[in-house]
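Each remark here refers to the structure printed beneath this line.
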Amino acid sequence: MLNLYPYNNGHIMVAPIRHVGRLEKLKDREMLDIFKTLKETMVSLDKHLKPRGYNIGINLAADAGAGITGHLHLHIVPRFRGDTNFMPVLYNTKVISQSLDALYKCLRKKI
């Protein structure tokens, strides 16, 4: 899933199909599928966006920042050299260099 409010260009979330709010509730097959999808997504992001690194995280429960508390998901946030600037500091605004539509079309291309 593309994040509607991305932290950075290419911010994607990977979630199981079944609604599960905790890691220990995942079946082994679901856990494997999530990490295979994580790997495939990073390969696609590497090809199309060429980030220099990634932040990958899981927020479990509302107190940890989970916006959808009953459905766990992994955040994949590509990082680029110089992707931070004065805008968040001075204006509480993040500049994203590509629209979600353009990113979606780019990532839907065959690897």
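The values are calculated or read from the model by the stated rules, or taken from the named source; none is laboratory data. Here the structure is a predicted model, which is why all the values come from computation and not from measurement. All Cβ positions, glycine included, derive from the backbone under ideal geometry; neighbour counts span all protein chains shown.
Restricting attention to segment 70-92 and to residues that are among the β-branched types (V, I, T) and modelled with pLDDT of 70 or more, the residue that is surrounded by the fewest Cβ atoms within 10 Å (Cβ to Cβ) turns out to be T84. Here H19 meets each of (1) surrounded by fewer than 12 Cβ atoms within 10 Å (Cβ to Cβ); (2) touching a residue at least 60 places away in the same chain (Cβ under 8 Å); (3) over 12 Å from H75 (Cα atoms) with one exception, condition (2). A count restricted to segment 14-32 and to residues that are in contact with a Pro (Cβ under 7 Å, 6 or more places away or on another chain) and part of a helix (DSSP H, G or I) stands at 1.
Residue count for segment 51-69, restricted to those that are over 12 Å from the mean Cα position of the chain (by Cα), in contact (Cβ under 8 Å) with a residue 12 or more places away in the chain and either more than 21 Å from L26 (Cα to Cα) or loosely packed, with under 13 Cβ neighbours inside 10 Å (or both): 4.
Residue under question is V95, and the condition is that it be at pLDDT 85 or above and on the phi < 0 side of the Ramachandran plot; does it hold? Answer is no for this residue. Taken over segment 33-50, the residue count meeting the criterion of being under 13 Å from the mean Cα position of the chain (by Cα) and not in a helix (DSSP H, G or I) is 0.
Annotation note: of L32, L26, L45, L2, the sole residue that is in contact with a helix residue (DSSP H, G or I) (Cβ under 8 Å, 6 or more places away or on another chain), exposed (fewer than 15 other Cβ atoms within 10 Å of the Cβ) and of a type outside the set (K, R) is L2. Pick from segment 22-39 the residues that are acidic (D, E) and in contact (Cβ under 8 Å) with a residue 12 or more places away in the chain: which of them is nearest to G10 (Cα to Cα)? That would be D33.
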